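The values are calculated or read from the model by the stated rules, or taken from the named source; none is laboratory data. On a predicted model such as this, the values are computed, not experimentally measured, just so you know. Backbone-built Cβ (ideal geometry, glycine too); neighbour counts: all protein chains shown.
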Amino acid sequence: MASSSSSYTPPYAFISTENDIEYTIQIPDLKIVKKLFGPNLSDNGKIDCEIMETGFKFSFIGSKDLTGKNYTLFVSNFPSKINPCKSSWKPRNGAVDVRLRVSDNPKEVEAKLREERLIEGPESTE
């Protein structure tokens, strides 16, 4: 059983759209509380996502029924400059969606990402 200080790389996928690269980061059993005003919040964990010009840092620290389920994903040396001001992330039940606005053709960026798998950080052992 994982200790509360263990962190795993979550399952994820990415795809290009017309203007963006969209990541879907799977957090099994993540529950979201929808708010009338402001962003939706996680009911059973703390989510943090920092988007930079060169990549992004994602972390999830589980609570309640997800206590001990901690996930970290660092994507760096991104093959295209990211515009953090036009990028965003949004939690939903079971996953977090990260939308990165890139300066180059998203389809070309997706192809480079598929070639390189630019991940740093702990490997998943689950």
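Sort out which residues of the stretch 13-54 are touching a residue at least 40 places away in the same chain (Cβ under 8 Å), in contact with a strand residue (DSSP E or B) (Cβ under 6 Å, 6 or more places away or on another chain), buried (at least 18 other Cβ atoms within 10 Å of the Cβ) and in a strand (DSSP E or B), and write them in order of number.
Asp20, Ile21, Tyr23, Ile25, Ile32, Ser42, Ile47, Cys49
Quick check on my filter: what residues within the stretch 15-47 are closer than 16 Å to Leu100 by Cβ and of a type in the set (Asp, Glu)? Spell out the reasoning first.
Just the residues of the stretch 15-47 that are closer than 16 Å to Leu100 by Cβ, to begin with: 15-25.
Matches in the stretch 15-47: Glu18, Asp20, Glu22.
Consider Ser7 carefully, then state whether it is in contact (Cβ under 8 Å) with a residue 24 or more places away in the chain and either among the polar types (S, T, N, Q) or exposed (fewer than 15 other Cβ atoms within 10 Å of the Cβ) (or both).
Values: in contact (Cβ under 8 Å) with a residue 24 or more places away in the chain: yes; either among the polar types (S, T, N, Q) or exposed (fewer than 15 other Cβ atoms within 10 Å of the Cβ) (or both): yes.
Against the criterion (in contact (Cβ under 8 Å) with a residue 24 or more places away in the chain and either among the polar types (S, T, N, Q) or exposed (fewer than 15 other Cβ atoms within 10 Å of the Cβ) (or both)), Ser7 qualifies.
One residue is enough: does the stretch 42-52 have a residue meeting the conditions within 23 Å of Ile27 (Cα to Cα) and of a type in the set (Gly, Ala, Ser)?
Just the residues of the stretch 42-52 that are within 23 Å of Ile27 (Cα to Cα), to begin with: 42-52.
Still in the running and of a type in the set (Gly, Ala, Ser): 42, 45.
Yes: one or more hits.
Which condition breaks for Gly121 when tested against (1) at pLDDT 95 or above; (2) under 14 Å from the mean Cα position of the chain (by Cα); (3) not hydrophobic (A, V, I, L, M, F, W, C)?
(1)
Would you point out which residue out of Phe58, Phe74 is touching a Leu at 6+ places or on another chain (Cβ under 8 Å), assigned to a strand (DSSP E or B) and modelled with pLDDT of 95 or more? Let's see the steps before the verdict.
Numbers: Phe74 fails: touching a Leu at 6+ places or on another chain (Cβ under 8 Å).
The unique qualifying residue is Phe58.
Let me confirm something: among Lys64, Lys107, Lys81, Lys90, which residue is under 16 Å from the mean Cα position of the chain (by Cα), modelled with pLDDT of 95 or more and not small (Gly, Ala, Ser)?
Lys90
Scanning for something free of Cβ contacts under 8 Å to residues at least 60 places away in the same chain and either buried (at least 16 other Cβ atoms within 10 Å of the Cβ) or in a strand (DSSP E or B) (or both), does the stretch 91-114 turn up at least one residue? Step through it out loud before you land on a result.
Step one: of the stretch 91-114, the residues free of Cβ contacts under 8 Å to residues at least 60 places away in the same chain are 103-105, 108, 111-112, 114.
Then keep just the ones that are either buried (at least 16 other Cβ atoms within 10 Å of the Cβ) or in a strand (DSSP E or B) (or both); that gives none.
No, the stretch 91-114 contains no residue that is free of Cβ contacts under 8 Å to residues at least 60 places away in the same chain and either buried (at least 16 other Cβ atoms within 10 Å of the Cβ) or in a strand (DSSP E or B) (or both).
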